[in-house]
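Enquirer: Have a look at this one before I ask anything.
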Amino acid sequence: ARGNNKDRDEPAFLAHQCFLKKDYTAALQHLSDLENLVGTSNKRVQHNKAVVEFMAGEMKNVEKFKNAITQLSGLNYLDVEVKDMTSPCLLYNYAVILFHSRYYYQCVVILEKLLSSKSIKDARLLQQIILLMLEATICRRTYDKTIEIAKNHGEPLKINNEVSELFERIISRAQLLVGQKVKLNLKPDSIENIFVIAQQHYINGNVKEAANILGYYKTLKYNYDMKTQGEEIWSAVNNNLGVIYLSIKKPYLASKYFQHAIKEHLKAMECEDSEKLISCKDRSLYVYNLGLALLGTNNSEGAFECLVEAARHFPNNPRIWLHLAECCVKKCCSEEAQQYTVKKLGSGPHTRVLLSKEIKARYSTSGESFAIPSLSLEFAALCLRNAMTLLPNQEPPADVTASLIQVPPGIPITWKQRSELKNSALVLQSYVLLHLQDPLAALVSANELLAQPDASSSHKAWAHIYAAEALINLDRIADAVEHLHPPTIHDLVSVLPYQMRDMIAVSVWAKAAVCHILRGDLVTAKKILLQINSPKVLPLQMYLEICTGNIDNCHTILRKIRYTNPSIQ
């Protein structure tokens, strides 16, 4: 028996030594020798062969490796119900595959079970499990859990010189992201440290210093590329600079950096190393950021294309659906604002002035599905429904600032942020439904917003305006007037910025004038419109002058319309 054990130990030892030297061909040969001694049913040998073959293929044959690991562990891919905990190294490798495939939740579940099993005798394996779990919880944006794991299991890592710097960097990131005031002990001598230091300055509002810190990478001699680390450093740097400039409301400059990030990423993806398991495929993140920047530059078409791609990767993010709806509204409603036609009919005392707005068909008759992404108000309505579905109605938690809903690629949103998003979606939904000539549904959305206890003053003001317009369309003039009650609107807008107050005031008085016109009180309607200094009410003023027979005034207003070409909001 001793002789047999010695025969087995020798090829196992030699295989391990060859693996450490990265001589994978020799390692496979020794494992084959060991397999001849112990048989092909030995799970440990088969696991080691799968790992060595994977490394010999430069980590590119991901599918084959994934199938081998799941088969040996007795699991289907993405399963986390592990019954056999006797092969911790095998399960760790399964967790590694899940991590690099962006299944962070499943990865964390597997690692938690490994830690709680108390069956890990190898100190180095335990160390790797803890480090991977820390990184996975950060990727899930569960930073409190990262700090908790470090507190409970991190002591051995602090005193291990091989991983102490990595451990400190991970914990510093988590502490920064939960808002703790941290004194970083990191030196800007590596790409990783530079990113964490820059992030601290960014979070603290020192965006200029954050951009300067990111520039330090030019002074470093680094070996950080797709082949060694699975990530293209130029993409990451450009993306971070774009985020910085977008945060200080410079969307044009930000969009340039995001475009550079995508360009560098595409270039990196063309090389053979992009097939590796560790390759960081962050195109969807860069495209999402570019979409936000383009939306800030009023490039609704470009932003829409980017956000549609982002929605395919992050369908559970309500912000993306809300931004898609914003793109549609900007595109459709800005085009409508230009479509006025002025015609003069007859001559002398028989002159008639015809002011008309080009009305486009609201609903397509071609049979196309509104679910197909397009810059239309119908698709905007669908996007808003998706956003509302992802923001469920529930009782507020005890801590309204605690993370509530995961919204990758961003950080989880709190109850307060969830409420703000829902209120924004309700207001925009009411506006879109009015343009789709569905006043009843628009009224429902506006009233739902007004029933929200935590709605902002601006949201409530616009909800009153849209509710009034819906009621006017439903021929409920008396009810519409109630929503335009001056003291109510004044109380809401008094705390808003001047420009917002002006926009709301114009809309409120215009709607009030319409109510008086429909009641037949043209004199009062004219008095109201004379108090409004905005081109948006010129069509209404012209209508009143025509009704009261003031043709001379019509010509004056007509000239203004030709220069301003306005729309009624």
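The values are calculated or read from the model by the stated rules, or taken from the named source; none is laboratory data. Just so we're clear, the structure is a prediction, and the values are computed from it rather than from any experiment. Glycine gets a Cβ as well: all are built from the backbone with ideal geometry, and neighbour counts include every protein chain shown. For the accessible areas, the whole protein counts, side chains as well, though only heavy atoms, and no ligand, DNA or RNA atoms are used. Shrake-Rupley method; radii C 1.70, N 1.55, O 1.52, S 1.80 Å.
Enquirer: Against the longest alpha carbon principal axis of the chain, how many degrees, from 0 to 90 and to the nearest 10, is the axis of helix 2-20 turned?
Expert: That works out to roughly 40 degrees.
Enquirer: Let me ask something additional. Contour minus end-to-end for Leu496 and Glu10, with contour as 0.36 nm per residue of separation and end-to-end as the Cα-Cα distance?
Expert: Extending this stretch completely gives an extra 167.1 nm.
Enquirer: Quick check: residue separation of Ser247 and Asp399 times 0.36 nm, minus the Cα distance between them. What number comes out in nm?
Expert: Answer, rounded to one decimal: 52.0 nm.
Enquirer: Can you run the Rg to Rh ratio on the chain? Use alpha carbon positions and the Kirkwood inverse-distance Rh.
Expert: Rounded to two decimals, Rg/Rh equals 1.11.
Enquirer: Just subtract the alpha-carbon distance of Leu220 and Ala26 from 0.36 nm times their residue separation and send over the number in nm, one decimal.
Expert: Gain on stretching Leu220 to Ala26: 66.2 nm.
Enquirer: Determine the sum of side-chain charges near Glu165: Lys and Arg each +1, Asp and Glu each -1, restricted to other residues whose C-beta is under 11 angstrom from that of Glu165.
Expert: -1
Enquirer: Please give the helix 143-153 orientation as an angle from the longest Cα principal axis of the chain, in degrees from 0 to 90, rounded to the nearest 10.
Expert: It works out to around 20 degrees.
Enquirer: Right, next: Provide the FRET efficiency to the nearest 0.05 for the Asp144-Asn298 pair, computing r from the beta carbons and using R0 = 35 Å.
Expert: Calculated value: 0.35.
Enquirer: Got a sec? Which residues in segment 453-481 would a label at Gln437 touch, if it sits 7 Å along Cα→Cβ and we count backbone N under 17 Å?
Expert: 470-475
Enquirer: Sort out for me the Cα centre separation of segment 125-173 from segment 178-212, rounded to whole Å.
Expert: Each part reduced to its Cα centre gives a spacing of 19 Å.
Enquirer: I've got another one for you. If packing is taken as the average count of other Cβ atoms within 10 Å, what order do 291-303, 53-65, 444-456 fall into, highest mean first?
Expert: 291-303, 444-456, 53-65
Enquirer: Accessible area per residue for the chain in Å², computed with a 1.4 Å probe and the full protein assembly in place, what is it?
Expert: I get 53 Å² per residue for the chain.
Enquirer: Beyond 18 Å between alpha-carbons counts as too far, so tell me which of Lys66/Lys276; Lys118/Lys145; Lys64/Lys276; Lys64/Lys267; Lys187/Lys218; Lys208/Lys250 fall in that bin.
Expert: As for pairs spanning more than 18 Å Cα to Cα, those are Lys118/Lys145; Lys64/Lys267.
Enquirer: Set the Förster distance to 41 Å, then compute FRET efficiency between Asn473 and Asn550 from the Cβ-Cβ distance, nearest 0.05.
Expert: Computed FRET efficiency for Asn473 and Asn550 comes out at 0.90.
Enquirer: Show me 74-82, 428-436, 539-547, 226-234 ranked by packing, highest mean number of other Cβ atoms within 10 Å first.
Expert: Per-residue mean Cβ counts within 10 Å order the peptides as 428-436, 539-547, 226-234, 74-82.
Enquirer: Nearest 20 debye, what's the magnitude of the dipole of the chain about its Cα centre given +1 on Lys and Arg Cβ and -1 on Asp and Glu Cβ?
Expert: 980
Enquirer: Quick one: which of 14-25, 142-153 comes out on top by average Cβ neighbours within 10 Å, and what's the full order, highest first?
Expert: The densest-packed peptide leads the list: 142-153, 14-25.
Enquirer: A follow-up question, please. Using alpha carbon centroids, what distance separates segment 242-262 and segment 480-525, in Å?
Expert: Their Cα centres are 39 Å away from one another.
Enquirer: Kirkwood hydrodynamic radius, computed over distinct alpha-carbon pairs, for segment 386-497: how many Å, to one decimal?
Expert: 15.0
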